[in-house]
Structure formats: structure tokens, C-alpha cells
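In what follows, a single structure is set out as C-alpha cells and then discussed.
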Amino acid sequence: DGGITQSPKYLFRKEGQNVTLSCEQNLNHDAMYWYRQDPGQGLRLIYYSQIVNDFQKGDIAEGYSVSREKKESFPLTVTSAQKNPTAFYLCASAPGAGNTIYFGEGSWLTVV
Amino acid sequence: AQKVTQAQTEISVVEKEDVTLDCVYETRDTTYYLFWYKQPPSGELVFLIRRNSFDEQNEISGRYSWNFQKSTSSFNFTITASQVVDSAVYFCALSELGAGGTSYGKLTFGQGTILTVHP
């Protein structure tokens, strides 16, 4: 089936650790995105990538890093520099500018 | 900068009632896209509709309908004869396209409206 796969669904992180959230899509989309959602709030853009080996910071990029080595993959690393990482993280992709953006099922990250 | 406002934080209705979710947006661009997404308890955002700024026709899809009014910068969503399965958080979002499409589809989301449909 075509779609966007995020893993893991639930992740617990200890203070000071880096963690990586996986996002894979088999839709042949050029653009990929990472959004963060906090309880009772809308989504905020962390990073986005329009093409392989290129990505740009979104509105809340501090404490996060990404890579885009393959078209189908856009992993997000939450570093120890992110002071409040507990949130729901959503990966998304789109064929290109102006097209519909489709979302994965999300990953819950909790700092313990 | 663009902004999306969903003034209704929570709405509660009884099954079979009609319900309208409001969305007001701000943008300086003449070319943009508007979206509605549904987020059920499972968490995934489900795409409902995309409308470009040049198309002000209202749209109906089954029990769903959308009213886009550029003059008031509004893109409201109505569910007719609501059902329990409609219970979810609904998000309105705006995507701007800068010169040459440089914004590349980044979405600005509203805060979301929690809809609860009671049996």
C-alpha cells in the first residue's frame, strides 16, 4: 500500500539523549515535512525538504536536525538541545508546490 | 505573515444536527491554498479538501460542504446530519506560494476545533 510510515509510534527519551524518528514514503513525493503538535494546539513546522540533499528550517527548528539522503526518507533527530521535546510529531509529504500535503500516523515522544 | 484563526475551541452537538466550523485567515499573497484536515483520536491527519484562492465556488461532498468567501477571508466547513464518527479535531490550514512557488506548500494551521457528536 502507498503511504507515509512513521516509526516508532511511541518513544521515551531520557534527559540528555538524542533520538531519531523515522519517516518513509513510497508515494514518490518530492517534498517532505516535519510538524510538531502540542496538546490543544495546532501544528508547527520544524523542517521541510523540497528535494533530495536539501532542506530548510521551519518555524521551530532549534534543537532538531534532519537529513534527506534519499527521496523516500526524511528522518528527524530530536537533540538534547531541545528543551521541551515531549510532543506528537507528524511527518508529511507532497508531490510538489501547491499540492495536497499528506500526513503519516505520527509519533509520540515523551521525555522521562 | 500568514495566520489562521479557528475561534471555536470546542463544539458539542447531538447526532443529526448540522454543525459549522469557522475558519478565518490572513495573508498578503494573492495566490494561496486553503485546506481542511480531520484528526481522529488515532492521531493521523486526514485530508478533507483543498481550495485555491482563485476558486470561490462552494463545494459539497456527501454530508460535507465548504463555503469559501474571499471578501471576508473565511473558509467555513459544514457537516450536515452529524454522526458520532464525525467526532474529531478539525484543522483549517493555509499554504502560501511565494514567487516561483518558493514556499513549497508549507502549511500554517489554526488551533483546531474539537467536535464532539453525542448519540
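For the stretch B:32-54, does any single residue satisfy the condition of being in a strand (DSSP E or B), touching a strand residue (DSSP E or B) at 6+ places or on another chain (Cβ under 7 Å) and more than 12 Å from chain A (Cβ to nearest Cβ)?
So far as the stretch B:32-54 goes, no, none of its residues is in a strand (DSSP E or B), touching a strand residue (DSSP E or B) at 6+ places or on another chain (Cβ under 7 Å) and more than 12 Å from chain A (Cβ to nearest Cβ).
Which one of these does A:His29 not meet: (1) surrounded by 13 or more Cβ atoms within 10 Å (Cβ to Cβ); (2) part of a loop (DSSP other than H, G, I, E, B); (3) away from chain B (no Cβ under 14 Å)?
(3)
Take the stretch B:1-49 and flag every residue that is within 25 Å of A:Gly106 (Cα to Cα), exposed (fewer than 14 other Cβ atoms within 10 Å of the Cβ) and more than 14 Å from the chain's Cα centre (by Cα).
B:Glu10, B:Pro40, B:Pro41, B:Ser42
From the list A:Tyr48, A:Tyr64, which one is more than 9 Å from chain B (Cβ to nearest Cβ) and either touching a helix residue (DSSP H, G or I) at 6+ places or on another chain (Cβ under 7 Å) or buried (at least 21 other Cβ atoms within 10 Å of the Cβ) (or both)?
Just a single option satisfies the conditions, and that option is A:Tyr64.
Is it the case that some residue within the stretch B:83-96 is more than 14 Å from chain A (Cβ to nearest Cβ), assigned to a helix (DSSP H, G or I) and either surrounded by fewer than 19 Cβ atoms within 10 Å (Cβ to Cβ) or modelled with pLDDT under 90 (or both)?
Scanning the stretch B:83-96 turns up at least one residue that is more than 14 Å from chain A (Cβ to nearest Cβ), assigned to a helix (DSSP H, G or I) and either surrounded by fewer than 19 Cβ atoms within 10 Å (Cβ to Cβ) or modelled with pLDDT under 90 (or both).
Could you say whether any residue in the stretch B:57-80 is over 21 Å from A:Ser93 (Cα atoms), within 14 Å of chain A (Cβ to nearest Cβ) and in contact (Cβ under 8 Å) with a residue 12 or more places away in the chain?
No, the stretch B:57-80 contains no residue that is over 21 Å from A:Ser93 (Cα atoms), within 14 Å of chain A (Cβ to nearest Cβ) and in contact (Cβ under 8 Å) with a residue 12 or more places away in the chain.
Considering only residues of the stretch A:67-106 that are hydroxyl-bearing (Ser, Thr, Tyr) and farther than 30 Å from B:Thr30 by Cα, which is farthest from the other protein chains (Cβ to nearest Cβ)?
Only one residue tops the list, namely A:Ser80.
For the stretch B:54-68, name all the residues that are within 14 Å of the chain's Cα centre (by Cα) and surrounded by 12 or more Cβ atoms within 10 Å (Cβ to Cβ).
B:Asn58, B:Glu59, B:Tyr64, B:Ser65, B:Trp66, B:Asn67, B:Phe68
Being among the β-branched types (Val, Ile, Thr) and either within 22 Å of A:Ile101 (Cβ to Cβ) or modelled with pLDDT under 90 (or both) is true for just one of B:Thr102, B:Thr9. Which residue is that?
B:Thr102
Report yes if B:Leu34 is in contact (Cβ under 8 Å) with a residue 24 or more places away in the chain, touching a Lys or Arg at 6+ places or on another chain (Cβ under 6 Å) and within 14 Å of B:Gly110 (Cβ to Cβ), otherwise no.
Judged against the criteria, B:Leu34 is a match.
The values are calculated or read from the model by the stated rules, or taken from the named source; none is laboratory data. Predicted model only: the values in this text are computed from it and were never measured. As a convention, Cβ positions derive from the backbone with ideal geometry for all residues, glycine included, and neighbour counts pool all protein chains shown.
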